[in-house]
Every structure is written in C-alpha cells, then in structure tokens.
1. Return the pair list, or none, for Cβ contacts closer than 9 Å from residues in region B:149-166 that are surrounded by fewer than 18 Cβ atoms within 10 Å (Cβ to Cβ) to residues that are assigned to a helix (DSSP H, G or I) and of a type in the set (Ser, Thr, Tyr), at least 6 apart or on different chains.
2. When you scan region A:197-268 for helices (runs of 4 or more DSSP H) that lie fully inside it, which ones turn up with 1 or more residues that are surrounded by fewer than 24 Cβ atoms within 10 Å (Cβ to Cβ)?
3. For region A:445-495, how many residues are small (Gly, Ala, Ser) and more than 14 Å from chain B (Cβ to nearest Cβ)?
4. When region A:103-122 is examined, which residues are found to be in a helix (DSSP H, G or I) and surrounded by fewer than 24 Cβ atoms within 10 Å (Cβ to Cβ)?
5. Would you mind telling me which numbered condition in (1) away from every other protein chain (no Cβ under 12 Å); (2) free of Cβ contacts under 8 Å to residues at least 24 places away in the same chain A:Ser146 fails?
6. Considering only region A:1-60, how many residues are within 14 Å of another protein chain (Cβ to nearest Cβ), over 23 Å from the mean Cα position of the chain (by Cα) and in a helix (DSSP H, G or I)?
Amino acid sequence: MESSTAWLNPTWAFALPIAASFPLGWLMARLLDVPTNRAGKGIDAIPMFVCRLIGKKTPEAMSWKQYAYAMLAFNAALFVIAFGLLYFQQSLPLNPDDKGSLATLGYKDAAGLAHDGADTAVIFNTVCSFVTNTNLQHYSGEQNLSYFSQIGSIVWLMFVTPAAGLCVMLATLRGLRGDRDLGDFYVDLMRSLIFVLLPLALVLAVALVGLGVPMTFGPATKAITLDGAATKVETQAIARGPVAALVAIKQVGTNGGGYFGPNSTHPFENPTPWSGLLELASIPLLPMASIIMAGYLLRDRKHSLVIFGVMLTLLLVGCVIAILAEVQPSAATLGLPVHSGPNMEGKEVRFGPVASATWAAITTATSNGSVNSMHDSLNPIAGMVPMVLMMLNVVFSGIGAGFENMLMYIIVAVFIAGLMVGRTPEYLGKKVESKEVKLAMLALLIHPLVICGGAAIFAATSWKAFVANPGAHGFSEILYEFTSAAANNGSGFEGLADNNPAWNIATGIVLLLGRFPALIFPLAVAGSLATKKRVPQTTGTLRTDNLTFAGMLLGTVILVGALSFMPAVVLGPVADQLTSPAKP
Amino acid sequence: MIRESLRALAACLITFGLCAVAYPATVWILAQVVFPDQAEGSLIKNQEREVIGSALIAQPFASDRYFQPRPSAVDYNASAAGGSNLGTHNPDLANKIAKRAEALSASPEVVAPIDLVTASGSGLDPHITPEAATYQANRVATARNLPIERVRQLIERNTDRSAAVIGAPPRINVLKLNIDLDDEKPLSKSVVAEVR
C-alpha cells in the first residue's frame, strides 16, 4: 500500500517552492516597490496604464490611515458587488445547468427540522469568506454555483483579496524601513495583479488542463454506465465546468476554495500525482517569496531569513508529525479482517497517506485551505497538526497576511527581550513603545478570543447538534471550524453541517474579525514606527538578524500559542486520540 | 468619501475585467486549442460515440464480472462529490468497514485491502491499488470464464507506476481496466445488450 518512494513527495513539496521563492522574491521586490520617480517607466507602464483607467495618473503618497481607508473602501465595494452577483445568479448568464439562487438552498435547524426558504445568511457567509481570502465554503461548488458565479464572483475575489493582502504588506514594509510615504494602494494592487498573480495563475492553469483538469463552459455530461443493470445507475451525470482557471488561482493565491465540494481531492481538480505535486508546491510559493521580498524592501536580508527560518522550522515539525500519525492504521480498522495499512478513509489512492498528510500541514500553515483528503477522517493527531498550524497563524500564512501576523509576534518578542535586559526595546532602529506593544497585543488577543470564545459558545448550546461525529471528535469539528475561520484558512472538518444561519452568521463575523484587524493593526504599528527618529545602533542593541533572535521569536510564538490554545487542543484531538477505539 | 467610493467601484470594474473576463477567457482558449480532450473532462466514448464515462471519475460496478472501485460515500454521484467525514473513533465507521470486509468475504487469513473497505475522499476515486485488483482477480476470472493469468496480465497492463519519482503509489484505473475486460471477450457485449 505505502509505496517505498512516498517520502519523495514531501521532499519535492518543500524543495520546489523554497528554491523558487528566492528569485521570485527578488523579482517581486523589483517590480512591486518602484520608487515614485520611476513609476510608469519601462514595464511598469502596464499597471500605470490600468491605473489611469481609474483616474490615477501618478501614485499618491498615502499615510497609513489613507492606505487603510483605501483598502477598506475597496473591500467594501467588493463585498457589495459580490453579494449582488451571488444573490442574482439565477438571472445571470453562463448557467447551463440551471442552478437556482444561493438564497434558496435551505437548511436543517438544530432540532433537525428542514427549512427550505430564504437563507441569505449563506450568501453573507460566502461573501465574508471570499472577501477575507479565506474560502470557507458552506455551499458546495458543483451543486450550488453557476459558471458565472464560479468565474465572476469566486475567481475575481480569489485574485483581488490576496493582492490586497500583499499591498498592505508592501505598505507595512515601507513604514518599517522609515518611509513617510507608504505608497498608493491602487497602484500596488494593479502591480500585484499584473506582475505576480495573473501570470502565475495563467501558467499553472494551462499546465493543469494538460494534466486533465477540465476547462469548458459545456453543461454537465451524461455518461451511459457499463454496469447499469447491476448497480441501478444507468447514467452518471458528470459535473464539469471552467475548473482549471479557478483551481490555479485557488492554489497560488492562498485561497483554497474548491470548484467542487471535496476540493483538490476531486479527480477533476487534481487528476494525477503530477497535478498533486504542482498544486501542492504552488501553495507556499508566494507566502515564502513574500518573506524573501521583505528582506529586499527592508534592506535587511538576514532579518527576513531569520523569519523565514522560524516559519520553516514550525512547518517542517508539523509536517513530520502529521505524516508519522497518518501512516498508522485507523482506529476504526482495529480487530477487523482488513490489511493493517495506513488510514485511507477520505483519501485518494493516487496520493496516498504521505502526500495527503504533507498537503494537510502545508495548506493550513499557509492559510490556503484547499485539501486533497478529508481532514475530518484523519487520525486524531494528524488532524491536530492542521489545527495547531492555524492557531499559530504565522507559519508563512497568507500572502502578506503571514508577515503582518509575524510582525506582531516580533514586536512582542523584542518587548520581552527588552524587559529581560532592561532596555527600551528597538526594532529595525526604531524604539518600540507602549502604543506599538498595545496594538500588537490586541492583534494577538483577537485570534484566541474568537476561536475559543466561538467554540465555547457553540459547544455549550444546542448549536452543537450540527456535528457529525460523537465525543471529542465532535468538539474537534467545532474547534476546527472556528480556527479555520479566524485564521482565514478555509479548510474544515466537513462533517459539520455548517450551512445554517447560526453557523453562517457566527463564522461570517469571525472571518471579518480574523482578517481586517490582522491587516490594519500591523499597518498602524508600521505607520507609527515610520514617524520615529532612528536610534543609532550600539553594542547593546538587540540584533534581529541572528540565531539568538530566531530562538527568541520561535519561543514567543510557541509560548503564546500554547498558553492560548492548549486547553482547547487537549479537549479536542488529544482526547480523541486517547479514547479507546469503538468496537463494531 | 464619494470620491473614494467611486474610485473603489472603478477599481472593482477594472479588476473584474482583468481577473474574471480576460484571464478565464485566455485559459479557456488555450485549453480548447492545446488540450481539447482534457478540457472537456477526459471523456471516454464507445463505438457509437456515446459518452460512457470519464477516465478520471469512478463509475459504480457491482457485477462479479467487473472490478469494483473503492466505496463511495456519495454513491458515485459525480454531481455532488464528497467523502464520509467520519472520524476514526466513530462506531459508524468501524461498522461500515466491517460490513464491507464481510461483503468481500475477508477473513483473518485473507484480509481485505484497505482501499476497498474505506470510502475515498471525493467519492469518485477512479483508482484502486494493485493489491485491491489482485484481491478481485479470481472473482472476475471465474465470472467471465477467463483464465486467471489473462486477468492478471490485464491488471499488470493497467497498473500505472508513473510518477514514482515524486512519491506516487502504483494505481489502477478501474474503468479502463473494465473496458479492457469487455474488449477481451466480445461475448460480454451481447450480455450487456441482453441485460439492458
């Protein structure tokens, strides 16, 4: 069952994006951080031409507040338009399979009663989910969305939301290096789209079609089955559509929302081991490259390598634990006359347990959230790894968003280091004072508050009736859902029947709280540091570019993470692991 | 306020044009020109040009004459794919696995292959492991009156060992193997017609 070369998959999955992230990070720094006097020159003429179309002839010099305001205004517009497009999908074109309105999906309430009427909460949840670059899906793509919604609403948001995250990161970096002018949000947005996301997605999409991912606007096809008489299934309706275009940007843009319900587990989204590796390597590519890019923008490459190293260490450890746990037999097979192989429930033969566990770790660390196996059926410890990586939320994490989160941990780490030696903490030559530390603590506290608070409320009320599995695993489903929403990840323990107003509204709010404070607080910190005078470096200055600081940062992340989440993790996956297996 | 809103709306329009019109259109044109078969879903057609399945999607098989694919939590519904989402400690899962092992007449001496007793993630996994194919070989050979060696040869011919360099397990496409079996014995086509 386990092939002897299975370990090659994680090897490639790490080697490829790491190797590619260095040149890509350099290129991104060159193309995205253009000095104002060179804007529109050479290849930069393309994004500046597009900016002219929205009435911008030259980049503005924005303060952090103006930048944040522009970003929020753009996101608000996205929200309104995407809501409208989804609400009226039945009246819009490109709907060959006659999908009805998302608002009439219907749902079951906590008592198990079916409601079929209007449920706009699912649209609210979907829009929150895609505007925040999360892609938590309470609908099922091939069943509920028209081709227009998949391409018009979903793919569009899959491009612009990671781009917006990258923009905020660019502005933050400019502030940290001392620029008063944090750049122009719309110019950064167009550059990110035109130079980074569109070309990468285009290449990946065409490669995926070559490997078997459909790209058609034809309706679902009816196949006459070979064994129809015996199986009572005479025809099989095979849903298809413009899948490749969506899957490509889903993977490179840390989006993760699948075209089909089971995401990249579905053979049409991920048909071969080659497409599996290609999609897997695409997940951490831009999160990694953006950290390398930060080194060029800050003119402190060693510091960015320290951050990169801390993130990579956490990811490697998580990945190894997940693989080791997942090649063990499932507790459900103990004592039965079946091959004592790895846990294959919810997995596909073409990937196997090792590639599936690797994917589970990488997709949750990087805030992507696409899956190539069903996380709900993972062995408990393998299911714990994705949860923990999302709780930490700094292991590369989203494009831009990962650095923003890590910046908050850096501020706390230098603050603690400052307390230890009794000096005013400094970061990149600027004094870190109470305002920055307060903002950082606030940003770090929202995350455990919405996860643990949300999980506690739902586990203690009748809303817990929506879980699909008994005992500790049921609590894990609730905890995973809130963690995934707060970390803007989007994967799930999908047994949870989450398409009902209570879950749609609660996670919708958590999604917004997980996204915008996490982008704006770091930007505010950078804006505040930018205005401060640079203090001269002395022998007493805490260096942020060596192994000592790497250890300090790693310790801070693990300590804060453990203090916030240990009890919840013990009640969920750890208790699940310790439960004795059920006997049939 | 108004200026900022108008600019945001204009940016939405422009990015929509780039990302939701120009990009998918480019992918679609390239896909249809360079890889037309894959773009349409890798459909398999019979001699009458009717679609009999997709090379990538599992199809249900129940007769003894056919190799069976992995269990599906969604009954091989290719318009509503999904897994079981059962946790490893859920008694339902242990029950299901026990029932499937029984249906495969597994015993402590002859254990069932793990992939034949567990539901795939998509419910549409087109592959089984070589072990799972070998396990079914006798049944298929007897039902079809074929020599067991011939069935083993067909299994071997359909075993895909590509991509081992990136850690891919060996695998067998069930639909293709069954089509090969049908081609093997022209008689079986008339049987199909008879049953229909």
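The values are calculated or read from the model by the stated rules, or taken from the named source; none is laboratory data. What you see is a predicted model, and the numbers here were worked out from it, not measured in a lab. Positions of Cβ are backbone-derived with ideal geometry, glycine not excepted, and every protein chain shown enters the neighbour counts.
1. If the second residue must be assigned to a helix (DSSP H, G or I) and of a type in the set (Ser, Thr, Tyr), the pairs left are B:Arg152/B:Thr134.
2. By residue number, A:198-211, A:228-231.
3. Qualifying residue count, region A:445-495: 13.
4. A:Ala103, A:Thr104, A:Ala121, listed by residue number.
5. (2)
6. 9
Condition check ((1) of a type outside the set (Lys, Arg); (2) more than 29 Å from B:Pro69 (Cβ to Cβ); (3) within 14 Å of chain B (Cβ to nearest Cβ)) across all residues:
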residue	(1), (2), (3)
A:Leu334	yes, no, yes
A:Val338	yes, no, yes
A:Gly341	yes, no, yes
A:Ala355	yes, no, yes
A:Ser367	yes, yes, no
A:His375	yes, no, yes
A:Met387	yes, yes, yes
A:Gly400	yes, yes, no
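Rundown of residues vs (1) aliphatic (A, V, I, L, M); (2) facing chain B (nearest Cβ under 9 Å), yes/no style:
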residue	(1), (2)
A:Ile238	yes, yes
A:Ala248	yes, yes
A:Ser275	no, no
A:Leu278	yes, no
A:Met288	yes, no
